[in-house]
Amino acid sequence: MPAAGPKPHNRPVAETAWQRRIRRAENLAAQHSFAGQILTFYIQTARFQQDLYQRVEGALAGRDRFSPPDPALPELLAGFPAFLKLVRSEAPARVAQVAHEMASSRPDSWTDLLSQCWSNADVPATPAEFIVLAFLQPYAEFIRSRVPLQLEGYAHALCPFCSRKPGLGVLRPMGDGARRNLLCGFCLCEWEFRRIVCPGCDEKDHARLPVYTAEEFAYIRVECCDTCHTYLKSIDLSRNGLADPLVDELASVPLDLWAQERGYAKLHPNLLGM
Ligand SMILES: [Zn+2]
Ligand SMILES: [Zn+2]
């Protein structure tokens, strides 16, 4: 007979942002078979990123200064071979091959590579850059969350922390409607941005900024610009409160194919290079 003792705590443990994203990706993978492969790779990446985030957090515990950032931090570099291994075994062949080549290059070349990719805010163009940015993403998120940022009154289209172009939009419920925020896919900074303005070229003419939706993803807007021919997907949380902007953006890949077939280029590809 079990001894009467103190009852175990049965409170639900709060989910971390990573666990939330992983759970959302699992749900979406079950719903959308076309995104299964992408989401499976994302889930593996996110598990790695979560672990890396915790290691960085542990290594930097007790510090009160996080700037300038050090993308070649030893605790970070130590995780790079394991990430390359994951990419080699799980990513599509072309990316896996690049990870294989990176893994066989000299480890001291990684320091430069990580620093370069960190500082270069241009849209990444090569598989190597995408690999490095996906690896550095948790560190970017960690540092950004520790550095004071003046977001009030910030009206620019580039990320106020890392100066990259936004990867997606988020519509958050406000009053009777929703306000549009932009989200950086690298450091995950989110800032408010006027709704009828192109973040690519500042176009304000409503007629040149068509918005498309598809039945399957009625809560995702494909916001296009007929002046600079770019687009951005915005996740409307006022229409789907279960969505996780980052993950739903990845899962809605048919919308990217649709927009790209019509000649729109994505303002900034996501970390899986789409
Ligand atoms: Zn950023
Ligand atoms: Zn534009």
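Some notes on this structure:
- In sequence order, calculated HN-Hα J values of region 149-166 (Karplus, 6.51, -1.76, 1.60; Hz; x Gly/Pro): 10, 8, 8, 5, x, 6, 10, 8, 8, 8, 4, x, 9, 10, 6, 7, 5, x
- Only Lys, Arg (+1) and Asp, Glu (-1) charged, at Cβ; the chain dipole about Cα centre in debye: 540
- Residue-wise HN-Hα coupling along region 200-208, computed from phi with Karplus coefficients 6.51, -1.76, 1.60 (Hz; x: Gly, Pro): x, 9, 6, 4, 10, 6, 3, 5, 9
- Per residue, the accessible area of the chain comes to 52 Å², computed with a 1.4 Å probe over protein heavy atoms only.
- Phi-based couplings in Hz for region 39-55 (Karplus 6.51, -1.76, 1.60; Gly and Pro marked x): 6, 5, 5, 4, 4, 5, 4, 5, 5, 5, 5, 4, 5, 5, 4, 5, 5
- Split the accessible area of region 145-274 by element, probe 1.4 Å, and carbon with sulfur accounts for 51%.
- With all protein chains in place and a 1.4 Å probe, the accessible surface of region 53-110 carries 53 percent carbon and sulfur.
- The peptide list 170-183, 232-245, put in order of mean Cβ contacts within 10 Å with the highest first, becomes 232-245, 170-183.
- The lysine pair count for the chain, using Cα distances under 29 Å and pairs eight or more places apart or on different chains, is 8.
- Packing here is the average count of other Cβ atoms within 10 Å per residue, and on that basis the peptides 203-209, 104-110, highest first, run 203-209, 104-110.
The values are calculated or read from the model by the stated rules, or taken from the named source; none is laboratory data. Keep in mind the model is a prediction, meaning the values are calculated, not measured. So basically every Cβ, Gly included, is an ideal-geometry build from the backbone, and we count neighbours across all protein chains shown. With ligands, DNA and RNA removed, areas are computed over all heavy atoms of the protein, side chains included. Shrake-Rupley method; radii C 1.70, N 1.55, O 1.52, S 1.80 Å.
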